[in-house]
Every structure is written in structure tokens, then in C-alpha cells.
Amino acid sequence: TQLLEQSPQFLSIQEGENLTVYCNSSSVFSSLQWYRQEPGEGPVLLVTVVTGGEVKKLKRLTFQFGDARKDSSLHITAAQPGDTGLYLCAGECLDNFNKFYFGSGTKLNVKP
Amino acid sequence: DTEVTQTPKHLVMGMTNKKSLKCEQHMGHRAMYWYKQKAKKPPELMFVYSYEKLSINESVPSRFSPECPNSSLLNLHLHALQPEDSALYLCASSQDRTSGYYNEQFFGPGTRLTVL
């Protein structure tokens, strides 16, 4: 059983569509990160959310952190082929310093 | 500067070889990490160093030996690896949470390791 449940695992959509990726847990996190990863490369940090209820925007990407700091979502508006990649959420639990738990990842393919 | 560098980019080694992976960061981070990642899977934690001391070892086989010579450098020494150890090895760094309010990891580009 994974501490962070990420869904969906795969998404294949047309350019211009919207999508949402979810990360859920029963544990409370001190912070939660979202990354995008290309094949054979390291994950690139997109955003860190820290405060319960926080919403952050990065161009067409909107990130939310749940009020109880147990869940998060990533929403992409008008997806583009350049958004294609593996999206990972990762969080550091309140009571476990410097140990990050990863979701299983969402493989997004945006078709032109 | 949020860069973590790793060398080499690619490594091919036989099962009897000894090699080392290197990682460097200059962000003043005091926690450094080694992860192993198989294709289409999330990174798996191997080791965590906090203030140059090993704080987490996720039951990694002894053929992997980490070393943190100083606060900017992290090495992973490899010896007598098996073909199933072939993977992308990722280094990451973060502010140690004992020194701050929250933590975020920055990853290097990885070393693609192939064991023959």
C-alpha cells in the first residue's frame, strides 16, 4: 500500500482539453511537491504547497493543497503537446523528517 | 541557482567492476538523497544524509555504499552489482527540515546505469 495514492495512472488526451491529477493520503504532510519528468531525465520541480487550502498557479497549471494537508490536485487547462510527461507528487510527512513519499505517477500524453 | 549535477550521465559496468556515481549541489542544502528509479515507476529512496551523516538507509544491499565527503558532495560507490541493479540513479538535495519550516527536493539529471 502506497502512502500517496495518485490517479489516474495514464491519461491520453487531445490538445486543448483540460485534465486533473489527484494525490490522496490518510497522512498529514508538512509540504507536498509536484514534479514533471521526461524519460531518462531527473524530475523537475513544478511547485511546493505548504499551507492547507493553498492554491498556486503556474501559467496553465493550477495546484491545490487540501485543507487538512492530506491531499493535492494538479489541474491543467488547455493541455498542449509540450505538457506530455510523467507527473509525480511527493510529500514529506509531518513526523518523518527528510523522508519523502512519492505517488505512483501519472503518465500524460497530449496528442496534437 | 537550483542545480544539482550528477556524473557520469551514462555508465556501463560489468558485475565485477567497481565504480562511483557523483553528485554536487551548491544551494547550501544540508540534506542529500540517493534514489533508484526503474522505467515507468516513481523514484525509490535508497539513502538520506543529514548534515553529512547517514540518517536513513532503506535496507539497501551492501554492494551500494554511500559517502558524503562534505556538505556539497555525495557519492555512491558500486561494487559487484547485478543486472537487476540497472536503473536511473537520481541524486536530490533539500534544506534539512530540522533547520526550517518545510522541505522541497531538487533532483539532478540522473545517471543511467547498465550492469552487464
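Miscellaneous remarks
- Qualifying residue in the stretch B:71-82 (condition: modelled with pLDDT under 95, among the hydroxyl-bearing types (Ser, Thr, Tyr) and part of a strand (DSSP E or B)): no
- The residue that is surrounded by the most Cβ atoms within 10 Å (Cβ to Cβ), among those in the stretch B:1-60 that are farther than 19 Å from B:His79 by Cβ and aliphatic (A, V, I, L, M), is B:Met32.
- Strands (runs of 3 or more DSSP E) wholly inside chain A that include at least 2 residues being closer than 24 Å to B:Glu58 by Cβ: A:5-7, A:19-24, A:29-37, A:44-49, A:85-93, A:100-102
- Residues in the stretch B:79-94 that are surrounded by fewer than 23 Cβ atoms within 10 Å (Cβ to Cβ) and at the interface with another protein chain (Cβ under 10 Å from one of its Cβ atoms): B:Leu88 alone.
- Matching strands (runs of 3 or more DSSP E) fully within the stretch B:1-67 where at least 2 residues are more than 30 Å from A:Lys107 (Cα to Cα) and in contact (Cβ under 8 Å) with a residue 40 or more places away in the chain: B:18-25
- Residue in the stretch A:68-99 that is surrounded by the most Cβ atoms within 10 Å (Cβ to Cβ), counting only those that are under 22 Å from A:Glu38 (Cα atoms) and within 11 Å of chain B (Cβ to nearest Cβ): A:Cys89
The values are calculated or read from the model by the stated rules, or taken from the named source; none is laboratory data. As the structure is a prediction and not an experimental result, all values here were calculated from the model. Don't worry about glycine lacking a Cβ; one is built from the backbone with ideal geometry, like all the others, and counts go over all protein chains shown.
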